[in-house]
Amino acid sequence: MNKVKEKLNVFHITLLIFMTEMNITMFSLPRLIVENIGTNGWIGYLALSVLATFNIFLYWLVYRMGRGASVFQIMECALPKAVMYPVYWALAVFWIFTASFTGKNFFLIFQMLSFQTTNPMFIFLLFCLMVFALLIKNIYNISKTATVFFFMTIWTVGLTVYQFQDWEIVRFSPHLFQLASQGHSFRNWMEVYTTFMGYELCMFLFPHVTKKSKLFQGVFIGHWVITIAQLIVILTAFGYFSFHQIESLLYPIIDLLDFIEMPFINRIENLVFSMFVFANLIVTVMYCFAALTAIKQTCPKVKPNRLEFVIVTMVFFTGYIPKYLGQSEQLLRKVLYTETYIAFIVPVVLICVLLYLKLKGKVPNNES
Amino acid sequence: MHIRPFHGENIHEVLIMGVFQNLRKFFFTQGKSSDQVTAKPEKNEKPALNHILDQFKDCIDFQQRTYPNCSVHIVYLPFLVGPEPLKRDIVDPLSEATEEEAEQIFKRSQYKLTGDAKECVKGILDGQAAIFFRDLTYLVDISEPVGRSISQSETETVISGPHDGFVENLSQNLGVLRKKIKSTHLKTVKFEVGEIAKTDVVLAYIDRIADQDMVEDLKKRIRSIEFDAVMDSNMLIQLIDENPNSVFPQFMTTERPDAIASKLIGGRIVGFVDGSPSAFVCPTNFFDFFSSPDDYYQRWLLGSALRILRFIGFLITISFTAFYVSVTTYHYEMIPHTMLLNLTESRAKVPFPPLIEALLMETTIELLREAGARLPTKVGQTIGIVGGIVIGQAAVQAGFTSNILIISVATSAIASFTIPSYIMSASIRLIRFGLIIMAGVLGNLGLMMCIGLVVIHLSGVTNMGTSYLTPLSPMNFSALLDTFVRGPFWGLRKRPSISDSQNKSTNKMRK
């Protein structure tokens, strides 16, 4: 039987990156901005997005210098496998933790809205089944699913029009970056930056694209589309709530949806937040995919679906660690901070390795 | 006393080794076994009268005629042959011919010499007569098609456009197709499917428009079918699809020649099975099942509105009842207070939880539909009316169910019938039950999770190596104009991307 002919193209990469960056921190984003950046924090948010673009640029450099070779190929050209394998395993375990904490956090927030008495691990188990169902498919199918999920969720940005009536420009302060309750620090700005996490997984797409795929065009556009979508929501929240209101709201976006009343439906946040399970699924699956790719590098002869099963099982059991929302938020913040460091360190290390390989004349070539 | 069960080995070690080996087998790939046996082709035997008589032993519908004047033996199946061709090609020329004259007669082109016993048997089964003359065997086609004449399709009716439908006879169907597409580029390939029934299957495609790789792949798949008998094209497509366990149909089937002709021109491949009034089309995507030939016979704005209506129908079918269950079980706060009073009043008398209530009503509707389909038309209508009254009024008055659920279930059922493909409509109605159960267990979240699972499944489904979600994913913007809407003809300049045609632009044939 013929195999599916389609390959990843720029459109699917754009939407895959969009969905991967659409992580759970989005619902608390206006508060994070207010706490950490202060008045008119959306400008700081844009500045951080530019920083993320620079980070993507570093990955582009790796792709160009490595001539399409996968990150594993590059590293193994310079260092022996015995050194690299423990690193892969460590990173894989870390990504499993990230996947699990991101996935579980969503359900703990969901419990605030409904199903307070249901065991969150039961819901998380069902979610893990979904993760497994998607993970056993290849990256093309994951991107196809992400495309459909994108169209199923993007319309929710349009719900912001319902807030226009009560939206006041006067709620935007003329002051810049003032009243940040947490104070300005590298770490606090980084907390806002964590919302962009997900683009770094583009490094695992290198082997699945060709020159025609225009990988980095897709990554850049995807990153800026999610930036604009989130900016619309942030600006709506800034003009709808006062500065201090946002500060006191745990998840301002959920509250924003709470006020929408249609003739046939109220409290639409119940529906929209449930719909976010699609975005949460793609984020979790993409981190699992990163872990899977790293582990597969160390044991390539494993039968299909076995490793996926092990990874999803680990994701499920790791889900037992965060027991309540506060703990989950803390753990999520920790893993996302670490992920931010990894996102910057990996391309820098790879560029150094590639420069070294260039000197030695051993740069791998995977161009097609 | 310490017993060592295996020579020099501890039982624990053996057990651990066993577990380890099983784990290894579970996780890692093993080398391929080389014990595959390839079947040797059988040698062709020369046809002999005794051999043929032996083959058709105990068949009352088998007839042998002898003409001693010219030493000719003829065998055929009388119920398959027509009296006119029999008279023209057998009785008239041979009844008074001498041996020399017979030799001249058999030089005519309709008498085909055969040297293969299998071919001879097959020819007789196809309605040909086998003629044994000296040590030579000839086949002459004296068959007459058995079956109904071209008539309107009962399952796929249209308001505007041609009303003719395919019938069970393969040659008639091919004739209808040839009349629709008068081109030498229309190619047809014949196969025999079914180890016992040997049903004729014909593939048709337009050369230089259809993707040749796809044609070859389909041929290979049909040749590799190992099944006793294939009775219908809906059965054949299940034997050649890539995802046999999927609930969704992967090949579109239709009884409408105009639909088949337009698909062929769009670069698709179609297949006919002898004895089946439905032809199948491939490659097909999920959205093809929502388009009807009607769409193209109406103004494009109207055609588009109808197509959008069908997609709305799909959304209603899949989610309306499930959403009712979700809201009435877990999310009462979502109902505006103006509606809330009516709903609570209506639900107050109902003794069941919404999930059970919805499942009961949905099952009743399905029972009614199935009963209506199995019974003769007139009785079916009566059942529909009686069932409608029982469900519509009596059930509510008896406090068995709420008014709002009746509206929801009825709307879902009506919406499901807007989908032109009966098989797709039935598949969607089936997965709706999954959604209702999940909505009853986890409310809106369960509903979304179930929809997510359906999307994941659909993303993995392929048809002839093309994605089932084309042109949405992989995205093809120009094809979208003929997917969710029916674009104007001046906008439909490209053949569907799913066909992967080398002649991408319509109205042109690049050599």
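The values are calculated or read from the model by the stated rules, or taken from the named source; none is laboratory data. Predicted model only: the values in this text are computed from it and were never measured. All Cβ positions, glycine included, derive from the backbone under ideal geometry; neighbour counts span all protein chains shown. Accessible surface areas use protein heavy atoms only, side chains included; no ligands, DNA or RNA. Shrake-Rupley method; radii C 1.70, N 1.55, O 1.52, S 1.80 Å.
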Quick one: length gained pulling A:GLU261 to A:ASN138 fully straight, 0.36 nm per residue minus the C-alpha distance? 40.2 nm
Restricting to Cα pairs below 8 Å that are 6+ residues apart, what does the relative contact order work out to for chain A? Please round to a whole percent. 44 percent
Three-way shape call for chain B based on the alpha-carbon gyration tensor, with the a/c threshold at 1.5: prolate
Straight-line reach only, C-alpha to C-alpha below 18 angstrom: list the aspartates and glutamates that A:LYS214 could link to, leaving out same-chain residues fewer than 8 apart. A:GLU6, A:GLU200, A:GLU367
What value in Å³ per residue do you get for the convex hull of the alpha-carbon atoms in the protein assembly as shown? 277 Å³
Largest fluctuation, A:LEU292, A:LEU134, A:LEU250 only, Gaussian network model of chain A with Cα springs under 10 angstrom, belongs to A:LEU250
So for each of B:146-157, B:362-373 I average, over its residues, the number of other beta carbons within 10 Å; can you give me the resulting order with the highest mean first? B:362-373, B:146-157
By a straight-distance test (C-alpha under 12 Å), which aspartates and glutamates pair with A:LYS296 as possible cross-link partners, with residues fewer than eight away in the same chain excluded? A:GLU308
To test your reading of the geometry: what angle, between 0 and 90 degrees and rounded to tens, separates the Cα axis of helix A:120-135 from the longest principal axis of chain A? 40 degrees
Any residue on another chain or 5+ positions along whose placed amide H is under 5 Å from the amide H of B:ILE335 is listed here as A:ASN266
With θ taken as phi - 60° and the coefficients 6.51, -1.76 and 1.60, list the Karplus ³J(HN,Hα) couplings across segment A:206-214 in order, rounded to whole Hz; mark glycine and proline as x. 3, x, 9, 10, 10, 4, 5, 5, 6
What distance in nm separates the simple spin-label points at A:LYS362 and B:SER151, each placed 7 Å from Cα in the Cβ direction? 7.9 nm
Rounded to 10°, Cα long-axis angle of helix A:41-65 versus longest principal axis of chain A: 10 degrees
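Express the relative contact order of segment B:151-282 as a whole percentage, based on alpha carbon pairs under 8 Å and six or more residues apart in sequence.
It rounds to 33 percent for segment B:151-282.
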Inter-part gap, Cα centre of segment B:346-404 to Cα centre of segment A:32-50, in whole angstrom, is 57 Å
At what distance in angstrom do the alpha carbon centres of segment B:282-340 and segment A:249-283 lie from each other? 22 Å
Rounded to the nearest 10, the angle in degrees between the Cα long axis of helix B:377-389 and the longest principal axis of the Cα atoms of chain B comes to 10 degrees
Reachable lysines from A:LYS303, Cα under 20 Å, same-chain residues fewer than 8 places away excluded? A:LYS3, A:LYS137, B:LYS25, B:LYS32
Could you size up the charge dipole of segment A:18-360 around its Cα centre, putting +1 on the beta carbon of Lys and Arg and -1 on that of Asp and Glu, and report it in debye to the nearest 20? 1720 debye
Spatially near lysine pairs across segment B:151-282, Cα under 20 Å, sequence gap of 8 or more or different chains: 17
Within 10 Å, count the other beta carbons around each residue, average over each peptide in A:274-281, B:195-202, and list them highest first. A:274-281, B:195-202
Residues other than B:GLY399 with Cβ under 14 Å of its Cβ, Lys/Arg counted +1 and Asp/Glu -1, net out at 0
The ³J(HN,Hα) series, computed from each phi in segment B:280-293 with the Karplus coefficients 6.51, -1.76 and 1.60 at θ = phi - 60°, rounded to the nearest Hz and given as x for glycine or proline, is 9, 10, 8, x, 10, 10, 4, 6, 4, 6, 9, 9, 10, x
Grab the Cα-Cα distance for B:LYS179 and B:ARG374, subtract it from 0.36 nm times how many residues apart they are, and report the gain in nm with one decimal. 66.7 nm
With the dipole of the protein assembly as shown defined by +1 on each Lys or Arg Cβ and -1 on each Asp or Glu Cβ, the option from B:SER278, A:TRP42, A:HIS184 whose Cα lies farthest towards the positive pole is A:HIS184
Averaged over A:120-126, how many beta carbons belonging to a partner chain fall within 10 Å of each residue's beta carbon? 2
Order these peptides, A:164-172, B:293-301, by their mean beta-carbon neighbour count within 10 angstrom, highest first. B:293-301, A:164-172
Which percent, nearest 5, of DSSP beta bridges in the protein assembly as shown are antiparallel? 100 percent
If you take each beta carbon of peptide A:264-277 and count the beta carbons of other chains within 10 angstrom, what is the mean? 6
Pairwise burial A:B, computed as accessible area of each alone minus the pair, summed, 1.4 Å, Å²: 4000 Å²
Could you give the distance between the Cα centres of segment B:464-511 and segment B:229-277, to the whole Å? 20 Å
If each DSSP helix of 4+ residues adds -39,500 (n - 2.57) and the sum is divided by the residues in the protein assembly as shown, what number results at 222 nm, nearest 500 deg cm²/dmol? -17000 deg cm²/dmol
Roughly how crowded by other chains is peptide B:328-334, in terms of the mean Cβ count from those chains within 10 Å of each of its Cβ atoms? 4
Once label points are set 7 Å from the Cα along Cα→Cβ at both B:LEU340 and A:ILE345, what is their separation, rounded to one decimal in nm? 5.3 nm
Report, in debye and to the nearest 20, how large the dipole of segment B:49-141 comes out about its Cα centre when Lys and Arg carry +1 and Asp and Glu carry -1 on their Cβ. 140 debye
B:ARG134: net charge of surrounding residues, Cβ under 11 Å, Lys/Arg +1, Asp/Glu -1, itself excluded? -3
From the convex hull of the Cα coordinates of segment B:49-141, what is the mean projected area in square nanometres? 5.4 nm²
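Grab the other residues whose beta carbon is less than 15 angstrom from that of B:TRP300, score K and R as +1, D and E as -1, and report the net. The partial results should precede the final answer.
Working: positive: B:ARG299, B:ARG307, B:ARG486, B:ARG493; negative: B:ASP294, B:ASP295, B:ASP482.
Net charge in that neighbourhood comes out at +1.
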